[in-house]
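Notes follow the structure.
The values are calculated or read from the model by the stated rules, or taken from the named source; none is laboratory data. No experiment lies behind these values; they were computed from the predicted model shown. Note that we place each Cβ from the backbone using ideal geometry, even for glycine, and neighbour counts take in every protein chain shown. Remember, those area values only see protein heavy atoms, side chains included, never the ligands or the DNA or RNA. Shrake-Rupley method; radii C 1.70, N 1.55, O 1.52, S 1.80 Å.
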Amino acid sequence: MSYTTLISADTLNQHLNDPNWVIFDCRFSLADANVGARAYRQGHLPNARYAHLNNDLSSEVTDLTGRHPLPSFSLLAQKLGQWGVTNQSQVVAYDDAGGAFAGRLWWLLHCMGHDKVAVLDGGIKHWQKQGYALTTTLPVVKPAIFRMYLDENQWLNAAQVRDQLAAKAIKLIDARTPERYRGQQEPIDPVAGHIPSALNRAFQLNLNANGLFLPADALREQFKQLLDNTPPKQTVHMCGSGVTACHNLLAMEHAGLTGSKLYAGSWSDWIRDKNRAVAVA
C-alpha cells in the first residue's frame with residue numbers, strides 16, 4: 001500500500017526500518033532559518049534526512065521573485081537521489097508546524113511525478129505524544145537515482161493568475177491568517193492586503209486542537225462550501241510565498257477534491273509589481 005496524502009504515526013512506526021521508505025524532517029522557522037537544522041541535530045525521527053526550506057526546497061530570492069521561489073527541479077531531483085530516494089520509494093515528510101513546511105516537499109514531489117509521498121499527521125509533536133522515540137544518529141544513506149516527470153501545469157505565475165481571475169476562470173484561496181489577508185497586520189511582506197477577489201481560508205483551519213488534520217469528510221464539506229460549485233481543478237491556492245498554501249492543497253487532496261493548483265509566487269511575488277491590484281479589509 002502506498003500513502004499519497006497523510007500518514008499516521010502508528011503506521012510510520014511500523015515501517016521505520018523499511019529500506020524502501022525515506023523520511024524527511026522539514027522543520028523551519030521564518031524568524032530564524034537555522035532553527036530547523038538545529039532542532040534536527042538535537043533529535044529527529046529515526047532514519048530521517050533534513051530538507052531545508054530555503055536551501056533545498058526553494059531557489060535564491062531575486063528582485064523579480066517572491067520569498068520562496070520554486071527550486072531548480074533538476075537540482076532537487078539530484079538531491080533526492082543523493083538522499084536515497086528512488087521512484088519506488090515511499091516518502092514521508094514531517095515538521096513541528098502542523099504540516100505547514102512538510103506540505104511544500106509533498107507538493108514538490110507530486111509535481112515531479114512522485115505520488116508516493118505523505119505528510120506525517122501531527123508531525124514530530126504527535127509522534128512524541130504517542131511515545132515514539134527520537135534519535136540524534138544521522139541516517140546511513142545509500143545514494144540512488146531519482147527520475148522526475150515534471151508537470152508544470154501544477155502551478156500558475158502572476159500573469160496567469162491575473163488573466164484567469166479577470167476571465168473568472170479560477171477561484172483563488174489565500175491560506176494566510178485573516179489579519180494578514182485583510183491587511184490589518186503584515187509582519188513579513190512590505191505591502192499589506194490581498195489579491196482582489198481572493199477568498200480567505202487560513203491553513204490552520206485544516207487542523208483540530210491537537211494539531212491533527214480534520215477527517216476527510218469534514219474537510220470535504222468545508223471546502224465545498226468555500227468553493228461554491230467551482231471545480232477543484234479551477235481552484236488555485238496562495239499564501240505569503242507559496243509554502244503554507246500547499247497545506248490547503250493537501251487538505252483538498254486528502255478530502256478527495258483533487259486537481260487544485262498553486263500560485264507558486266503568492267503574495268510576496270504579486271506585490272513585486274506595483275501595477276497589480278491590492279485589496280484590504
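Below, the figures for the structure above:
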read-out	value
Some residue of segment 161-176 being without any contact (Cβ under 8 Å) to a residue 12 or more places away in the chain, among the small types (Gly, Ala, Ser) and not in a helix (DSSP H, G or I)	yes
Filter result for the condition that a residue is under 29 Å from Thr65 (Cα atoms) and in contact with a Ser or Thr (Cβ under 7 Å, 6 or more places away or on another chain), over Leu205, Leu165	Leu165
Lone unmet requirement of (1) within 17 Å of Val161 (Cβ to Cβ); (2) surrounded by 22 or more Cβ atoms within 10 Å (Cβ to Cβ); (3) touching a strand residue (DSSP E or B) at 6+ places or on another chain (Cβ under 8 Å); (4) not aliphatic (A, V, I, L, M) for Gly240	(3)
Where a residue in segment 117-140 is on the phi < 0 side of the Ramachandran plot and its partner, wherever it lies, is of a type in the set (Asp, Glu), with Cβ under 9 Å and at least six apart	Val119/Asp95; Leu120/Asp95; Ile124/Asp25; Ile124/Asp95; Ile124/Asp96; Lys125/Asp96; Gln130/Asp10; Tyr132/Asp10
Count of segment 114-149 residues which are within 17 Å of the chain's Cα centre (by Cα) and open to solvent by 40 Å² or more (accessible area, probe 1.4 Å)	2
Single residue of segment 1-10 satisfying the filter (open to solvent by 30 Å² or more (accessible area, probe 1.4 Å) and polar (S, T, N, Q)) that is nearest to the chain's Cα centre (by Cα)	Thr4
Those residues of segment 167-188 which are buried (at least 16 other Cβ atoms within 10 Å of the Cβ), within 22 Å of Gly98 (Cα to Cα) and among the β-branched types (Val, Ile, Thr), in sequence order	Ile173, Thr177
Residue tally, condition surrounded by fewer than 17 Cβ atoms within 10 Å (Cβ to Cβ) and farther than 15 Å from Asn248 by Cα, over segment 189-226	6
Test for Gln164: is it touching a strand residue (DSSP E or B) at 6+ places or on another chain (Cβ under 9 Å), over 30 Å from Asn87 (Cα atoms) and surrounded by 16 or more Cβ atoms within 10 Å (Cβ to Cβ)	yes
In segment 251-266, the residues that are surrounded by fewer than 21 Cβ atoms within 10 Å (Cβ to Cβ) and under 16 Å from Gln225 (Cα atoms)	Gly256, Leu257, Thr258
